[in-house]
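For reference, the structure is listed below as C-alpha cells.
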Amino acid sequence: DGSGATIVPFFGSDAPRNYPLALQVDQATLGGLPLAGQSRTAATRDGHTVSIDHGAFIEEYALSIDSLEQRFVFPSLRGAGDLVLRIGVDTELAASDLGASLRFANALGHVDYGEAFALDADGQRRALDSRLVDGAIELVVPADFVAGAALPLTIDPFITAYTVSGGARGEIYPDVSYDV
C-alpha cells in the first residue's frame, strides 16, 4: 500500500504461521538534507509493477514468482553529496549483515536483501553496500557517483527468499498414488 511493502515468505506447509517482513521508507537525504516532497501516495499497479510516489522519488516493486525487485527512481536531484536512503524494517526474523547484502532469517528460511546498485540513465552502475543501521536498512550512493549521474538515478536492491522445507504437505504425504 502507500506506506510500503510487506513480504510474506512461504516457509513451508509445516511453518506454524507467517513471518512477514515489512519495509517502509523512513527518509531520503542528499548531502545530509531531506529531499523535498517525501509524502506518500496510494500505491498504484501497472502489470507486475507496484509504485508509490514519494514526490522526490518513486518507490517501485517489480513482482515475480520467485523474487521481488525493489527500485527507487529519482527523476531529479537538487543539491550535492551522498544520496542516503533509509528503509524501516518491521519483522520477527533475525537480521544480520552479510557484507554486500542483508539477511532476515529464522530456522525455517530467510529473506535476502542485497546486491543493491545505483544505475543512471546512461547505464553507469555502482555497487552499493546494504547496511543495517539502528534496525533499519541504509543504502548510500556516494557523492561522486551522484555528481556524475545522468538522471533519472535508480537505486536497485534485489530481494529473494529461501525456504528450508518449501514443499507442500500434500507432496510429502499424498492421499492418492498410482502405479501402472
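What tally of residues in the range 59-76 results from selecting those that are open to solvent by 30 Å² or more (accessible area, probe 1.4 Å) and either small (Gly, Ala, Ser) or modelled with pLDDT under 95 (or both)?
Of the residues in the range 59-76, 6 are open to solvent by 30 Å² or more (accessible area, probe 1.4 Å) and either small (Gly, Ala, Ser) or modelled with pLDDT under 95 (or both).
Among the residues of the range 105-148, how many are on the phi < 0 side of the Ramachandran plot, without any contact (Cβ under 8 Å) to a residue 40 or more places away in the chain, part of a loop (DSSP other than H, G, I, E, B) and not charged (D, E, K, R)?
Residues flagged as on the phi < 0 side of the Ramachandran plot, without any contact (Cβ under 8 Å) to a residue 40 or more places away in the chain, part of a loop (DSSP other than H, G, I, E, B) and not charged (D, E, K, R) within the range 105-148 amount to 4.
Applying the selection to the range 150-165, what residues are open to solvent by 20 Å² or more (accessible area, probe 1.4 Å), over 11 Å from the mean Cα position of the chain (by Cα) and not hydroxyl-bearing (Ser, Thr, Tyr)?
Ala150, Leu151, Pro152, Ala161, Val164 - these are the residues of the range 150-165 that are open to solvent by 20 Å² or more (accessible area, probe 1.4 Å), over 11 Å from the mean Cα position of the chain (by Cα) and not hydroxyl-bearing (Ser, Thr, Tyr).
Please work out if Ala15 is assigned to a strand (DSSP E or B) and either in contact (Cβ under 8 Å) with a residue 40 or more places away in the chain or touching a helix residue (DSSP H, G or I) at 6+ places or on another chain (Cβ under 8 Å) (or both).
Working: assigned to a strand (DSSP E or B): no; either in contact (Cβ under 8 Å) with a residue 40 or more places away in the chain or touching a helix residue (DSSP H, G or I) at 6+ places or on another chain (Cβ under 8 Å) (or both): yes.
Judged against the criteria, Ala15 is not a match.
Under 23 Å from Asp144 (Cα atoms), modelled with pLDDT of 95 or more and more than 13 Å from the chain's Cα centre (by Cα) - does that describe any residue in the range 41-50? Give the derivation first.
We begin by selecting, within the range 41-50, every residue under 23 Å from Asp144 (Cα atoms); these are none.
Scanning the range 41-50 turns up no residue that is under 23 Å from Asp144 (Cα atoms), modelled with pLDDT of 95 or more and more than 13 Å from the chain's Cα centre (by Cα).
Within the group Val140, Val133, Val146, Val89, which residue is open to solvent by less than 50 Å² (accessible area, probe 1.4 Å), within 13 Å of the chain's Cα centre (by Cα) and modelled with pLDDT of 90 or more?
On the way: Val140 fails: within 13 Å of the chain's Cα centre (by Cα); Val133 fails: within 13 Å of the chain's Cα centre (by Cα); Val146 fails: within 13 Å of the chain's Cα centre (by Cα).
From the options Val140, Val133, Val146, Val89, the qualifying one is Val89.
The values are calculated or read from the model by the stated rules, or taken from the named source; none is laboratory data. All values derive from a computational prediction rather than experimental measurement. Counting neighbours? That spans all protein chains shown, and the Cβs are built from the backbone with ideal geometry, glycine included. Just so you know, the surface numbers come from the protein's heavy atoms only, side chains and all, with ligands and any DNA or RNA stripped out. Shrake-Rupley method; radii C 1.70, N 1.55, O 1.52, S 1.80 Å.
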